[in-house]
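All remarks here apply to the structure that follows.
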Amino acid sequence: MAQPVREADPTIRVSDLSLSYPAHAGGRQFQAVEGMTFDVPRGDVVALLGESGSGKSTLAKFLAGRGSDAGEKAARSKLTGGDASVLGVPMRRLGRRSRAKLTAYVGHLAQDAGATLTPELNVGDILFEPIVERSKRFDRDALGELVAEMMDIVALPLSKLQEYPYELSKGQRQRVAVIRSLMLDPTLLIADEPTLGVDANNRPKIVELLQWYRKRTGATLMLISHDIGMLEALVQDVLVMQQGRLVGRGDINEIFRHADHGYVQLLAQALRATAYDEIAEE
């Protein structure tokens, strides 16, 4: 497998990409992503936006090397047109061994990841699990210090390491899931709604953690989110999807103000209205 990208290469390169789900129960093949082309430069933070069903999560899972999550019964999406590469690795012929190596460099936070934490493990074991699965030999003290720093950033007491998911609030479980997605020091993090279920007071802590991680590692981030505060704090470039197609792209400070596509204008209005509603509810 190719090594992670050279500094001059884009972290993600997508060319006329189409992804489909296979037909089942006598139905027809479903086209989830169609004809998308874009690059994500090394070290950038890009947001992938669109309404529910626009293909965002399908694209995110594919680029993360997870066409479907472990144990998930849903069919894996298939590349049916164009091409893509992640960290210099071609995605068209991604075998099991190459996929396993790629996922060592690409972190993936699935939508509502906090709800799928292993219930039989306490928080400490949940956080250390990705490391232990890769290697039994690691500096436990150094890793413990790193975990303690991340827990502090997201305002989780160290006593929570001994608790189990059922003992945590929804927002606390989500914060644990975000920390877990960073445990392998990914070169690329693809995060689907990282602040989902986190209360308004603690959402800035997720932003602070991601900022801290980027400063520490120089990682590239691809975020799917409806959290306008997080987007404005972190994101440089926005990709807008509608019905599987790319309908808008640009700097976050410009695209919503000068959008050419009507859907992009409506999405910007909806995001800001949601943000104002949440402020009013506090």
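Quick rundown of the values:
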quantity	calculated
Neighbour net charge for residue 15 - beta-carbon separation under 11 angstrom, K R +1, D E -1	-1
Lys, Arg +1 and Asp, Glu -1 on Cβ, resulting dipole of region 163-237 about Cα centre, debye, nearest 20	220 debye
DSSP-loop trypsin sites (Lys or Arg not before Pro) across region 76-182, with at most 15 other Cβ within 10 angstrom	76, 92, 93, 136, 137
Dipole moment magnitude, nearest 20 debye, region 103-224 about Cα centre, only Lys, Arg, Asp, Glu C-beta charged	260 debye
Environment charge at residue 149 (Cβ cut-off 12 Å; Lys +1, Arg +1, Asp -1, Glu -1)	-2
In order through region 247-253: 3J(HN,Hα) via Karplus (6.51 cos²θ - 1.76 cosθ + 1.60), integer Hz, x for Gly, Pro	10, x, 8, x, 4, 4, 7
Only Lys, Arg (+1) and Asp, Glu (-1) charged, at Cβ; region 12-281 dipole about Cα centre in debye	1240 debye
Amide H within-cut-off set for residue 247, under 5 Å, with H built and near neighbours excluded	240, 241, 242
FRET efficiency, residue 140 to residue 120 (Cβ-Cβ, R0 25 Å, nearest 0.05)	0.75
Neighbourhood net charge (12 Å Cβ-Cβ; Lys/Arg +1, Asp/Glu -1) for residue 83	+2
Förster-model FRET efficiency, 41 Å R0, residue 92 and residue 51, C-beta, rounded to 0.05	0.90
Subset of 170/215; 78/205; 56/160; 56/205; 56/170 violating a 30 Å alpha-carbon distance limit	78/205; 56/160
Amide H contacts under 5 Å for residue 163, placed H, 5+ residues apart	123, 124
J(HN,Hα) series, region 165-173, from Karplus relation 6.51 cos²θ - 1.76 cosθ + 1.60, nearest Hz, glycine and proline x	x, 5, 8, 9, 6, 4, x, 5, 4
For region 12-281, the Rg and Dmax computed from alpha carbons only, in angstrom	18.6, 55
Bins of 5 Å from zero: percent of alpha-carbon pairs in region 77-152	3, 11, 16, 19, 18, 14, 10, 6, 3, 0
For region 36-50, Karplus couplings with θ = phi - 60° (6.51, -1.76, 1.60), whole Hz, Gly/Pro x	8, 9, 5, 10, 10, x, 4, x, 7, 10, 10, 9, 10, 10, x
Under 5 Å, built H, 5+ apart or other chain: amide partners of residue 107	187, 188, 189, 190
At R0 = 35 Å, FRET efficiency that the Cβ-Cβ distance of residue 163 and residue 99 yields, to 0.05	0.60
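Just so you know, all these numbers are worked out from the coordinates, no wet-lab data involved. It should be emphasised that the depicted structure is a prediction, and the values quoted were computed from it without experimental measurement. Positions of Cβ are backbone-derived with ideal geometry, glycine not excepted, and every protein chain shown enters the neighbour counts.
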